[in-house]
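Structure, as structure tokens:
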Amino acid sequence: AQTVTQSQPEMSVQEAETVTLSCTYDTSESNYYLFWYKQPPSRQMILVIRQEAYKQQNATENRFSVNFQKAAKSFSLKISDSQLGDTAMYFCAFIGSGAGSYQLTFGKGTKLSVIP
Amino acid sequence: DAGVIQSPRHEVTEMGQEVTLRCKPISGHNSLFWYRQTMMRGLELLIYFNNNVPIDDSGMPEDRFSAKMPNASFSTLKIQPSEPRDSAVYFCASSLADIYNEQFFGPGTRLTVL
């Protein structure tokens with residue numbers, strides 16, 4: 001079974017600064033997908049960024065980027081130029097790529113507060 | 001293009017009452033998921049449908065919970081009778097099996113059972 005661990009329950013960052021959220025996972029699969037979801041106070045789950053395990057290049061979406069270390073099973077999220085609207089819970093998630101894979105396994109989340 | 005639609009957004013009911021949560025997945029998606037989110041347990045998968053057929057209901061807590069998907073555009077999650085410990089946010093998500101297996105979430109229903 002896969003597990004996803006987010007070791008930072010809460011973090012804070014000054015507006016315009018950079019922050020990195022950590023995520024580690026455990027799996028025996030060789031190919032899979034990793035995601036970061038954002039859940040603001042509105043509670044809507046919003047996909048921030050995705051990474052395919054077989055791709056060496058780290059994914060980037062505007063101010064959001066990941067540091068994917070497959071051997072270490074690490075998938076951290078970096079938010080640059082933090083904005084007040086980035087205040088939210090952030091969930092790391094894993095899903096396998098094999099036939100019949102559908103179970104999205106979530107970490108417990110990191111609560112990020114952006115301070116003006 | 002409308003995303004996943006859930007109703008109601010908020011539901012307050014008394015213990016013992018029947019509760020029905022509704023979900024409309026994104027048109028064309030063939031997979032539908034019901035999740036429950038609580039502070040203690042985080043996000044839990046309750047049930048997964050593929051092409052309207054329940055594939056995995058191992059996450060359904062007990063017989064008080066049931067889910068149906070009568071067609072590709074509608075699903076319900078019913079709790080009967082409801083209990084205070086069922087209070088949570090219930091999410092519906094849908095996906096189209098592709099290389100990303102990305103799931104799109106609805107806005108959730110906040111259920112409070114008094």
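No value in this document is a laboratory result; all are computed from the given coordinates. None of the values given here were measured: they were computed from a predicted structure. Cβ atoms come from the backbone with ideal geometry, glycine included; neighbour counts cover every protein chain shown.
Gap in Å between the Cα centre of region A:1-40 and the Cα centre of region A:68-116? Taking the Cα centre of each part, region A:68-116 and region A:1-40 sit 3 Å apart.
Note on A:V4, A:V13: ascending count of other Cβ atoms within 10 Å places them as A:V13, A:V4, the fewest first. Sorting B:V19, B:V53 from the fewest to the most surrounding beta carbons within 10 angstrom yields B:V53, B:V19. The phi-based Karplus calculation (6.51 cos²θ - 1.76 cosθ + 1.60; θ = phi - 60°) puts the 3J(HN,Hα) values of region B:51-62 at 6, 6, 9, x, 9, 9, 10, 5, x, 5, x, 6 Hz, whole numbers, x for Gly and Pro.
If you take every residue apart from A:M45 with its C-beta less than 14 Å away from the C-beta of A:M45, what net charge results, scoring Lys and Arg +1 and Asp and Glu -1?
Net of charged neighbours comes to +3.
Of the listed pairs A:K73/B:K78; A:K78/A:K108; A:K55/A:K108; A:K70/B:K68; A:K111/B:K78; A:K78/B:K68, which have alpha-carbon separations greater than 28 Å here? Beyond 28 Å between Cα atoms: A:K73/B:K78; A:K70/B:K68; A:K111/B:K78; A:K78/B:K68. Annotation: the residues A:K55, A:K38, A:K111, sorted from fewest to most other C-beta atoms within 10 Å of their own C-beta, follow the order A:K55, A:K111, A:K38. Across region B:72-78, coupling constants 3J(HN,Hα) worked out from phi with the 6.51/-1.76/1.60 Karplus curve, θ = phi - 60°, read 5, 10, 7, 9, 10, 10, 10 Hz, and Gly and Pro carry x. Please quote Rg/Rh for chain A to two decimal places, taking the Kirkwood radius as Rh and restricting both calculations to Cα atoms. Computed over Cα atoms, the ratio is 0.96.
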